[in-house]
Structure formats: structure tokens, C-alpha cells
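All remarks here apply to the structure that follows.
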Amino acid sequence: MVARRAHSTGIVARADGLARYVARVLKEKRLSRRDVQVMSGWKITDAYVGSIINGRARNLSVEKLQALARGLGVNEDEIFRVARGAADSGQVDNRKGDPWHSVMFLRLMERVVSDPDVKQILDIVADLSEEDRAIVLKIAKSLTRTHRKPQRRRASV
């Protein structure tokens with residue numbers, strides 16, 4: 001009985017680590033669960049990604065972990081390492097081969113083109129010295145941490 005409890009506790013800890021990892025990558029890359037579904041080639045559903053994040057998905061198959069890695073644009077080895085219970089590296093890999101790097105860039109450019117305020121901010125920042133840009137970046141990061149409240153999702157009825 002004790003061995004079974006220890007075994008199930010290990011599974012929960014690994015699932016929790018994977019849940020935190022997936023949630024962090026989604027946030028850092030500004031991805032939705034739907035984005036992961038599409039980029040995985042429809043090999044994993046957005047609902048399944050949600051169940052991973054919520055810790056409900058246990059014992060993921062190799063195929064699901066591969067699809068998750070592909071959908072998140074991360075290295076498969078990293079996903080498998082985290083799923084095994086090893087600590088993740090804490091950094092998202094933004095290599096040039098990462099398809100989400102291009103998607104994020106395109107989304108950013110769309111915002112620059114469609115929002116005159118964003119374009120003006122970028123024009124001003126581009127003309128600053130390296131030191132002043134570092135200060136602006138620090139201020140912008142502090143604003144996003146202090147002024148954004150987490151959005152609550154409405155429960156489906």
C-alpha cells in the first residue's frame with residue numbers, strides 16, 4: 001500500500017511539473033491552447049492541452065508528448081525530461097528553427113502596423129541609446145507585472 005501511494009505521488013508530482021512547464025511556455029510564447037493544437041498538426045487537441053495544464057492528464061503517451069512538443073515549438077527531449085519529473089531548464093528555446101518564433105514576430109508586426117501608439121513607441125525607443133533602451137525595457141516589464149490582473153475564465157454552462 002505504501003509503495004503504491006509513493007508511486008502515485010510521483011506521478012502527481014511529474015504531472016504537476018509538466019503542467020507548470022506547459023503553462024509557462026504558453027505564457028512566454030503568448031500561445032493559446034488552440035495554437036498548440038494547430039501547430040501539432042492536430043495530433044493533440046486544445047482540450048487535452050488544457051487537461052495537461054490542469055493536472056488531469058496522467059500517463060501521456062509518447063505520441064501525445066511529441067505532439068505537445070511540436071505544438072509548443074520546444075525540443076522533444078525537454079518535454080520528455082519534464083514529463084519524467086526532471087526539473088525543466090526554465091527557458092523557452094527561441095531558435096530560428098522554432099516556428100513560433102516567426103509567428104510571434106508576425107503577431108508583433110501586425111500590432112505595430114495596426115496600432116499607431118505602438119508604432120510611435122517603437123520609433124522613439126529605436127532612437128534611444130542602448131542604456132536608455134535598457135531603462136525603458138525595465139520600466140515596461142515592471143508595468144506588465146504590476147498593472148495586469150490575471151483574467152478569469154467564465155465557467156461554461
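Just a few scattered comments:
- Near pairs, Cβ below 7 angstrom, 6+ apart or cross-chain, from segment 20-31 (at positive phi) to any residue that is open to solvent by less than 60 Å² (accessible area, probe 1.4 Å): Arg30/Met104
- Leading residue by the ranking (modelled with the lowest pLDDT) among those in segment 65-87 that are among the small types (Gly, Ala, Ser) and either in contact with a helix residue (DSSP H, G or I) (Cβ under 7 Å, 6 or more places away or on another chain) or closer than 10 Å to Ser40 by Cα (or both): Gly85
- Ser114 being polar (S, T, N, Q), at pLDDT 90 or above and exposed (fewer than 10 other Cβ atoms within 10 Å of the Cβ): no
- Among residues of segment 122-136 that are free of Cβ contacts under 8 Å to residues at least 60 places away in the same chain and under 18 Å from Met109 (Cβ atoms), those with a beta-carbon under 7 Å from a residue that is open to solvent by 90 Å² or more (accessible area, probe 1.4 Å) and charged (D, E, K, R) at least six positions away or on a different chain give the pairs Val125/Arg133.
- Residue list for segment 13-53, filter: hydroxyl-bearing (Ser, Thr, Tyr) and open to solvent by 20 Å² or more (accessible area, probe 1.4 Å): Ser32, Thr45, Tyr48
The values are calculated or read from the model by the stated rules, or taken from the named source; none is laboratory data. From a predicted model like this one, the values you see are computed outputs, not experimental measurements. With ideal geometry, Cβ positions are generated from the backbone for all residues, glycine too; neighbour counts draw on all protein chains shown. Ligands, DNA and RNA are excluded from the accessible area calculation, which covers all protein heavy atoms including side chains. Shrake-Rupley method; radii C 1.70, N 1.55, O 1.52, S 1.80 Å.
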